[in-house]
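The values are calculated or read from the model by the stated rules, or taken from the named source; none is laboratory data. Computed from a predicted model, the values in this text were never measured in an experiment. All Cβ positions, glycine included, derive from the backbone under ideal geometry; neighbour counts span all protein chains shown. Calculation scope for accessible area: heavy atoms of the full protein, side chains included, ligands and nucleic acids excluded. Shrake-Rupley method; radii C 1.70, N 1.55, O 1.52, S 1.80 Å.
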Amino acid sequence: MPPSLSKLTREEIVARLKELLGAGPVVTDEDQLKRASVDRFKKYPSVHGIYDGPIPAAIVRARSTEDIARVLAFANDHRINVVARTGGSGTEGGLETVVEDTIVLDGSGLAAIHPVDIENMRVTVGCGVPLQTLEDQLRAQGLTTGHSPQSKPLAQYGGLVSTRSTGQLSTLYGGIEDMVVGLEAVFPDGTVTRIKNVPRRAAGPDIRHIVIGNEGALCFITEVTVKVFRFQPENDEFHGFLVDDMATGVAIVREVVTNGYRPSVARVYSPEDARQHFSELPGFHGEAVVVIFVAEGPKGLVRATSEEIERVAARHSHTRVDAGLIRAWFTGLNWGPDKIEAEKAHMLRAAELGYTTEVAVDWSRTVELYDAVMRRVRTEFPAADDLLLLGAHSSHSYQTGTNLYFVYDYKVGCEPREEIGTYHIPLNAIIVEEALRVGGSMVHHHGIGKYRAGWTAQEHGSAYYLLAKLKEAFDPNGIMNKGTIFPIEG
């Protein structure tokens, strides 16, 4: 792991932070520092109390944009690595502290929710506002953000925007980048920038996208303005079908979407993945592919979308699934603290766990990618006999293609410290390699983090020049989240 580039000692860093902000926001409790050194990529070692990476010098719980600007300017002056953090639900190692004496800069205290601008259909929130909190308040007013990732009970807006998050309803509402109107961010030298709220503009490149998706490697997002939509759940209609193979399932979703219809949910589950969700569905025999749609919005649009779904499905051999069963299944998808704790207990009790790797691909190569990953994992992965589940689903679709969300569960047959090297990293690598081979993207919505950063240049090709220049321009001292997006040389 790279050493700190700062001439300040660990103790001096802590003392200077307390001088800047007072002692209250500066956390040095050892247990909290250890937990802040990782994210859910290392959930198995951490549940066993193993924290091998450098432990941060301090967690700073910022109270304002001014706090964040002061800490970043101090860190920049003294070349101290900073990891930006809000909800802490990251899955790709982006929140890991890989440099000695890092400052973890926590924005979860910036939790103001401004009054909803009903006429202009938008709302402004601090980076520490939990998505679930905002969504609950909006729904009470007959509105919604349209954003519904599984992490909704845990995630906060800074992390959602910084990783280019997407949600279960994305085929209708889009990803977070489609929802952000304007935002505020602080750059490493302490400069505070605000991108104003306008419906659209052609005043040069869209500078929102310098900030959206930067994963704390360029700046710290402090405030976000997002669109809101009418919430009309009374109009929702659910559809489910069992079909024979992935090619059929993908073809059904592709036709509905490319014909111009936008169901909020459009999913295809491989047989292996379907078994963990739908084994109790009438007619499900364990080898079926499951196709799911949800149509929502104004009643007339819902009816038209449902009619198109039924028309397309009728062109393929299928078994219909009762809509009530799909509705019931969909209500239990989100992961809150209760499921996290249950997962920890299971990992300790059974030495079993699961992960996902999500990628994006053109329609024409979706099935090829699925088949290639299944084949390579089953024939090349040394610990294939320990796999309990290997499957995939398509859950976010577009006019030109879709995503594949690969799912893999395994029984751990090694020491906890060796788990990610034995299982998670090589499985992740196979999926990334195959996605790039077929011309897709190595990551769809979780962010690059630190474990896909080695492929960033290959992902972008000649356009990597643009990305590298952003880092050079905005973070010339390299203090922002070392190793995330931009790989550590050597």
Tell me, what does the Kirkwood hydrodynamic radius of the stretch 365-490 come to in angstroms if you use every pair of distinct C-alpha atoms? 16.2
Along the Cα→Cβ direction, 7 angstrom out, place labels at E11 and A247. What is the inter-label distance in nm? 7.0
When the charge dipole of the stretch 1-107 is computed with +1 on Lys and Arg Cβ and -1 on Asp and Glu Cβ about the Cα centre, the Cα farthest towards its positive end, among T91, S6, P56, belongs to T91
At what distance in angstrom do the alpha carbon centres of the stretch 254-322 and the stretch 447-483 lie from each other? 38
When the Cα centres of the stretch 1-57 and the stretch 404-437 are compared, how far apart do they sit, in Å? 27
Quick one: compute the contact order of the chain, relative version, from alpha carbon pairs under 8 angstrom and 6+ residues apart, as a percent. 16
With all protein chains present, how much of the accessible area of the chain (probe radius 1.4 Å) comes from carbon and sulfur, to the nearest whole percent? 50
Hey, what's the per residue convex hull volume over the C-alpha atoms of the stretch 235-377, in cubic angstrom? 137
In debye, nearest 20: dipole of the stretch 366-490 around its Cα centre with unit charges on the Cβ of K, R (+) and D, E (-)? 280
Give me P(r) over the stretch 258-302, computed from all C-alpha to C-alpha distances, binned every 5 Å, as integer percentages. 5, 21, 22, 16, 13, 14, 9, 1
Hey, how much of the P(r) for the stretch 1-98 falls beyond 23 Å, as a percent of Cα pairs? 24
Could you work out the relative contact order of the stretch 168-218? I mean the mean sequence separation of Cα pairs under 8 Å and 6+ apart, divided by the number of residues, in percent. 29
Looking at C414, G401, V125, which one has the Cα that reaches farthest to the positive end of the dipole of the chain (charges on Cβ: Lys, Arg +1; Asp, Glu -1)? V125
Counting DSSP beta bridges in the chain, what percent are antiparallel, to the nearest 5? 85
What size of dipole, in debye to the nearest 20, comes out for the chain about its Cα centre when the only charges are +1 on Lys and Arg C-beta atoms and -1 on Asp and Glu C-beta atoms? 920
Under 19 Å from K299, Cα to Cα: aspartates and glutamates that are on another chain or at least 8 residues apart: E234, D236, E237, E307, E308, E310
Between the alpha-carbon centers of the stretch 197-252 and the stretch 66-122, tell me the distance in whole angstrom. 22
At 0.890 mPa s and 25 °C, plugging the Kirkwood radius over alpha-carbon pairs of the stretch 358-398 into Stokes-Einstein gives what diffusion coefficient in µm²/s? 212
Estimated D of the stretch 99-155 in µm² per second, where Rh is the Kirkwood radius over Cα pairs and Stokes-Einstein applies at 37 °C, 0.692 mPa s: 257
Check: the stretch 1-102 dipole with +1 on Lys, Arg Cβ and -1 on Asp, Glu Cβ, in debye: 180
For L404, other-chain or 5+-apart residues with amide H closer than 5 Å (H placed, Pro excluded) are V359, A360, V361
Identify all lysines with a Cα-Cα distance to K7 below 20 Å; exclude those on the same chain that are fewer than 8 residues away in sequence. K18, K482
In nm², the average projected area of the convex hull spanned by the Cα atoms of the stretch 317-405 is 8.7
For the stretch 384-473 the mean separation of alpha carbon contacts under 8 Å (6+ apart) over residue count, i.e. relative contact order in percent, is 17
Which of the following values of semi-axes √(5λ) of the Cα gyration tensor in Å was calculated from the structure shown: [x] 37, 27, 20; [y] 40, 25, 22; [z] 64, 44, 16? [x]
Short to long, in 5 Å steps from zero, the percent of alpha-carbon pairs of the stretch 54-107 per bin is 5, 21, 30, 26, 14, 5, 0
Kirkwood Rh over alpha-carbon pairs of the stretch 166-241 plugged into Stokes-Einstein at 20 °C, 1.002 mPa s gives a D in µm²/s of 147
Volume per residue, Å³, of the convex hull around the alpha-carbon atoms of the stretch 137-289? 169
How big is Rg to Rh over the stretch 137-205, alpha-carbon atoms, Rh as the Kirkwood inverse-mean-distance radius? 1.01
